[in-house]
Amino acid sequence: MAGPGGGSNDVQWCFSQVKGAIDDDVAEADIISTVEFNQSGELLATGDKGGRVVIFQQEQESKNKLQCRGEYNVYSTFQSHEPEFDYLKSLEIEEKINKIRWLPQKNAAHFLLSTNDKTIKLWKISERDKRPEGYNLKEEDGRYRDPNTVTTLRVPVFRPMDLMVEASPRRVFANAHTYHINSISVNSDCETYLSADDLRVNLWHLEITDRSFNIVDIKPANMEDLTEVITAAEFHPNQCNTFVYSSSKGTIRLCDMRAAALCDSHAKLFEEPEDPNNRSFFSEIISSISDVKFSHSGRYMMTRDYLSVKIWDLNMESRPVETYQVHEYLRSKLCSLYENDCIFDKFECCWNGNDSVVMTGSYNNFFRMFDRGYQQDMTLEASRENSKLRSVLKPRKVSTGGKRKKDEISVDSLDFNKKILHTAWHPLDNIIAVATTNNLYIFQDKLN
């Protein structure tokens, strides 16, 4: 596997850390719903179904020790969203965090956007290691003094104190989405961001909370004519006028905000013609795109549908330039996956730092890596069985019929309750974060 530095096709992945409770009895609120590194990779944020955001920080000492650089410790934990109730529609609004996106760092503080189904919040995460002392009108315990008792003027001073990390909500962007928000994406201009729900994409300014601009609206006049929904949307990494959104029909539309205020007519439509041999009752469900991500270079984009990952060149709309089968052996199991609702699982995907390898999750706590240059793929497992520090992960193989070899696992014994939907890759290093149900696994490459 080629790493962010590229060149090597024999990267070995080893266990670094696992976060979260060991119990088999998992509380619904503890299920991880999003994972995101910041731009430097020093911070790693997770959101869960209980509305909490937990931020991990790379250990300062271990950063320089190459063997331990995948060590992250809790930096800050805060409640981002609370459960709400929409009295007009008699609907409960879950507190579950759907997405977290970091803003590029401008000063000592860090900023991130987090969203549940309806409301987006901008959070400031800052450190305090000094406190002011020596007020004139206040006692040290905070009580106000009678001004008449003040006979001398003091100059307040800052005294050192234990480091405190504070998370404070700076902006709340609400009441703009009728349907559930599935994506947020910060623009490269660092001033605006988009949010997408099932039928609309809105454009926001980070400083303005009381209005947003609707830039895509696919809602038909009559809802009975509805044939597709928006599943994901993302801004181009360096062209601030360009964004894409994917649909449940397997298409990706690229829009140019310079062309019109409302981008209902796309600039490009990326769609692969369906293979008539694979046509079935489930074709439309499994072609629905669950995630779309631009490469860091901005030349390619990756989409994830139920069975595959596709890489598209932005200059070629007719078909993807690369297609990787994630778990093709499940094609024969689609009927039972439909019955247990697994066919509707939304797997995410991510690029490594130099766009040479892509990663996505699968069932049985397996995750897959595809090396684009060497045309190699690898299946690894996140499990507590091989969670000895720096133990090398053995590639796993799924037997697809015929005689099963010793190290292979049969398709029938895969656990569909154990699934990896959310993964993240450090932007500058071979460190990956993989979320199983309620645990966060961190792996790094083994340096020889």
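Residues that are in a strand (DSSP E or B), modelled with pLDDT of 90 or more and aromatic (Phe, Trp, Tyr) occur in the range 169-189; there is at least one.
Does residue 218 count as open to solvent by less than 70 Å² (accessible area, probe 1.4 Å), of a type in the set (Val, Ile, Thr) and more than 25 Å from residue 81 (Cβ to Cβ)? Yes, satisfied.
Looking at the range 253-267, is at least one residue among the basic types (Lys, Arg), in contact (Cβ under 8 Å) with a residue 12 or more places away in the chain and assigned to a strand (DSSP E or B)? Within the range 253-267, one or more residues are among the basic types (Lys, Arg), in contact (Cβ under 8 Å) with a residue 12 or more places away in the chain and assigned to a strand (DSSP E or B). Flag: residue 198 does not match the condition of being of a type in the set (Asp, Glu), assigned to a loop (DSSP other than H, G, I, E, B) and touching a residue at least 40 places away in the same chain (Cβ under 8 Å). Among the residues examined, residue 272 qualifies as in a loop (DSSP other than H, G, I, E, B), under 26 Å from the mean Cα position of the chain (by Cα) and more than 17 Å from residue 369 (Cα to Cα).
Looking only at residues in the range 88-105 that are farther than 15 Å from residue 50 by Cβ and in contact (Cβ under 8 Å) with a residue 40 or more places away in the chain, the one that is surrounded by the most Cβ atoms within 10 Å (Cβ to Cβ) is 99.
Flag: residue 227 does not match the condition of being assigned to a loop (DSSP other than H, G, I, E, B), over 22 Å from residue 270 (Cβ atoms) and out of contact with any His (no Cβ under 7 Å at 6 or more places or on another chain). With respect to residue 101, determine if the residue is more than 16 Å from residue 172 (Cα to Cα) and either assigned to a strand (DSSP E or B) or in contact with a Lys or Arg (Cβ under 7 Å, 6 or more places away or on another chain) (or both). Taking the combined requirement at face value, the residue does not satisfy it.
Close contacts from the range 275-302, counting a first residue that is at positive phi and a second that is of a type outside the set (D, E, K, R), with Cβ to Cβ under 7 Å and a gap of 6+ residues or different chains, come to 298/236; 298/237; 298/238; 298/239.
Residues in the range 125-174 that are of a type in the set (Ser, Thr, Tyr) and in contact (Cβ under 8 Å) with a residue 24 or more places away in the chain were compared, and the one that is surrounded by the fewest Cβ atoms within 10 Å (Cβ to Cβ) is 168. Does the range 308-322 hold any residues that are more than 23 Å from residue 345 (Cβ to Cβ) and among the β-branched types (Val, Ile, Thr), and which are they? The answer is 321, and nothing else.
Residue-by-condition table, conditions (1) open to solvent by 30 Å² or more (accessible area, probe 1.4 Å); (2) modelled with pLDDT of 95 or more:
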| site | (1), (2) |
| --- | --- |
| 226 | yes, no |
| 229 | yes, yes |
| 245 | no, yes |
| 253 | yes, yes |
| 258 | yes, no |
| 267 | yes, no |
| 280 | yes, no |
| 283 | no, no |
| 286 | no, no |
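Might you let me know whether the range 177-194 holds any residue that is without any contact (Cβ under 8 Å) to a residue 60 or more places away in the chain, open to solvent by 90 Å² or more (accessible area, probe 1.4 Å), more than 22 Å from the chain's Cα centre (by Cα) and farther than 18 Å from residue 113 by Cβ? No, every residue in the range 177-194 fails to be without any contact (Cβ under 8 Å) to a residue 60 or more places away in the chain, open to solvent by 90 Å² or more (accessible area, probe 1.4 Å), more than 22 Å from the chain's Cα centre (by Cα) and farther than 18 Å from residue 113 by Cβ. Picking from residues in the range 307-337 that are open to solvent by 50 Å² or more (accessible area, probe 1.4 Å) and acidic (Asp, Glu), the one that is nearest to residue 364 (Cα to Cα) is 328. Scanning the range 339-380 for residues being acidic (Asp, Glu) and within 22 Å of residue 427 (Cα to Cα) gives a total of 4. Of the strands (runs of 3 or more DSSP E) lying entirely inside the range 1-74, those carrying at least 1 residues that are basic (Lys, Arg) and either touching an Asp or Glu at 6+ places or on another chain (Cβ under 9 Å) or modelled with pLDDT of 80 or more (or both) are 13-19, 52-58.
The values are calculated or read from the model by the stated rules, or taken from the named source; none is laboratory data. Model, not experiment: these values are computed from the prediction. A quick note on method: Cβ atoms are made from the backbone with ideal geometry, for glycine too, and the neighbour counts reach across all protein chains shown. Ligands, DNA and RNA are excluded from the accessible area calculation, which covers all protein heavy atoms including side chains. Shrake-Rupley method; radii C 1.70, N 1.55, O 1.52, S 1.80 Å.
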